[in-house]
Every structure is written in C-alpha cells, then in structure tokens.
Amino acid sequence: MSIIPWRQRRQLFYFGIFAAVVLVIFGGLVWYLWPEPTCFDGRKNGGEDGIDCGGQCTPCLGKIKDISQIWVRFFKNKEGFYDAAALVDNSNLTAALSVLKYRFKLYDANNLTIAVREGQTFINPGEQQIIFESNIATGPRFPRYVYIEFDSAKDWQYLKKEKSFLSVAQKAFINFPFPRFSAEIRNDSMFDVKNVLATGVLYDETDNAIGVAFTKIDFIKAEASQWANFTWPQPFDKEPASTEVFVTTDLTKNNK
C-alpha cells in the first residue's frame, strides 16, 4: 500500500480549495448573468406548464382543433363573374388566429379548375364566421363546384372568448326594384369598436344560402348602433325564407 507524501497531500489540498473557489465564482457568474425567464424566450422555465405558456404566462392552448366548414357556395354576380362564400367554425374556445390564409377554387362540370381566389382573414375563438370573396372571374366557363382550402395554421394565440358585444337589433329585406337587406348592428359594450365586418346571408326554405353580401362598418360608438346595408344586382326569383347576419371584429387586435 503506497502512502502519498505529505508535500503531495498538501498540494492536493490547496488544489482542491482552488478548484472549489473557481467553481463557486463560475457558478455565481452563471447565476448572475443568466437571463430571467420570460414568456417569450422559447423555453419551458419559470414554472411554465409548456414552452412560454402556463404558470406566470397565458394558459397553454392544449390540443387545437382544425377550422371546420359548415357550408361553401358560389353565386353568379354577372356574366363571367361569381361570388364565393363559406361559413366556417372555430370550435376552439380560447384559441384565435390573427391571420388565416385561404383559397377558393371553382371547378367546372368536368372537375377542371376554372378559377382560384386567395385571401386571408382572422379567426376569433368559439365563433362562426363567413369568408367571402366577390367578382371571381371565370371567363366563358361555368362553375359547378366550389371548395375552400386553408393553409396550415401555426400561430395560434390564447384569447379568452367573452360574451359577444355586437348584436343585430333588427333586420329588413326588400326584393324590388333591386334586393336590399338592411340590419341594425348594435355595440353593447362600454367602448367604441372599429372595423366591424358584417355579412348578410339569405336562405331558401331548405336553409340553403341563395345570396351573400358583405360590408364593413368603420366605427360604432359605445352603446350605439349603425345600419349595415347589403345589395344584389338582380331581384331573386323567390324572396328568401329567412335571413341571417354574421357580425364580427378582430379580437386579436386592440379594438379600444
């Protein structure tokens, strides 16, 4: 059994003290210089339940459901031009999109593409919404089918859905000499609302959409109302059996 000389033991002792001091200093520097956890650092830290969510940050979104289609239709506007509309549903009660990119595709009877129209919109949580595009040029060909596609949505954000503060107070429709559908849109909140989007839909007796029109209201004062007016170029063969107005504003932006 070898015995370490006293001089070597003393050197090892001093080296151990030196190494411990270096470790303490290095650890202190790391602790001092390490950035404080934030809700935007792309890491799961600071008591978060997920990356930048939960804990001191906004709640985590959980499993996101895809945007679903309730119906999609096209409507003749004039020769060679058609409107397209889709009623979509976001069943996520606390998840919203500031940008949702979409495209309408119109096909003829031979299932050949005759027109494509791209666009983008926002999607509020727990809300049904009309997506509408007008004057889609088809040339001399006639559409038979229409579909809507969505780009993969990745930038979902947490947004708690409050009770809707926009409501429809009253509606009126006339068919002659040209169709006109009017609706009083009321702002029931305590603050002014900007950029209100309103879409009027006419239905037949089987609840199929026979006409869709869109308008934008720039400003509605708190606890006040504005009229939204929707028109079509030609009278309908039959008056609609029912009407509906979808009204919304982008909740992902500061509306106050």
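The values are calculated or read from the model by the stated rules, or taken from the named source; none is laboratory data. These numbers were taken from a predicted model, which means no experiment stands behind them. Glycine also receives a Cβ, built like all others from the backbone with ideal geometry; neighbour counts cover every protein chain displayed.
A count restricted to the range 141-178 and to residues that are among the hydroxyl-bearing types (Ser, Thr, Tyr) and at pLDDT 95 or above stands at 3.
Summed over the range 76-113, residues that are among the β-branched types (Val, Ile, Thr) and surrounded by 17 or more Cβ atoms within 10 Å (Cβ to Cβ) total 2.
For (1) outside the structural domain of Ala96 (by TED's automatic domain parsing); (2) touching a Phe, Trp or Tyr at 6+ places or on another chain (Cβ under 7 Å); (3) surrounded by fewer than 18 Cβ atoms within 10 Å (Cβ to Cβ), each residue gets a yes or a no:
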residue	(1), (2), (3)
Gly200	yes, yes, no
Asp204	yes, no, yes
Asn208	yes, no, yes
Gly211	yes, yes, no
Glu223	yes, no, yes
Asp237	yes, no, yes
Pro240	yes, yes, no
Val245	yes, no, no
Thr249	yes, no, no
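Checked across the range 193-205, the condition of being over 24 Å from Phe81 (Cα atoms), without any contact (Cβ under 8 Å) to a residue 60 or more places away in the chain and under 22 Å from the mean Cα position of the chain (by Cα) holds for at least one residue. Is it true that some residue in the range 129-140 is surrounded by 14 or more Cβ atoms within 10 Å (Cβ to Cβ) and at pLDDT below 95? No, every residue in the range 129-140 fails to be surrounded by 14 or more Cβ atoms within 10 Å (Cβ to Cβ) and at pLDDT below 95. Yes or no: the range 226-240 includes at least one residue that is over 22 Å from Phe104 (Cβ atoms) and β-branched (Val, Ile, Thr). Scanning the range 226-240 turns up no residue that is over 22 Å from Phe104 (Cβ atoms) and β-branched (Val, Ile, Thr).
Out of the residues in the range 16-75 that are of a type in the set (Phe, Trp, Tyr) and at pLDDT 75 or above, which is surrounded by the most Cβ atoms within 10 Å (Cβ to Cβ)? Going through the qualifying residues, I end up with Phe74.
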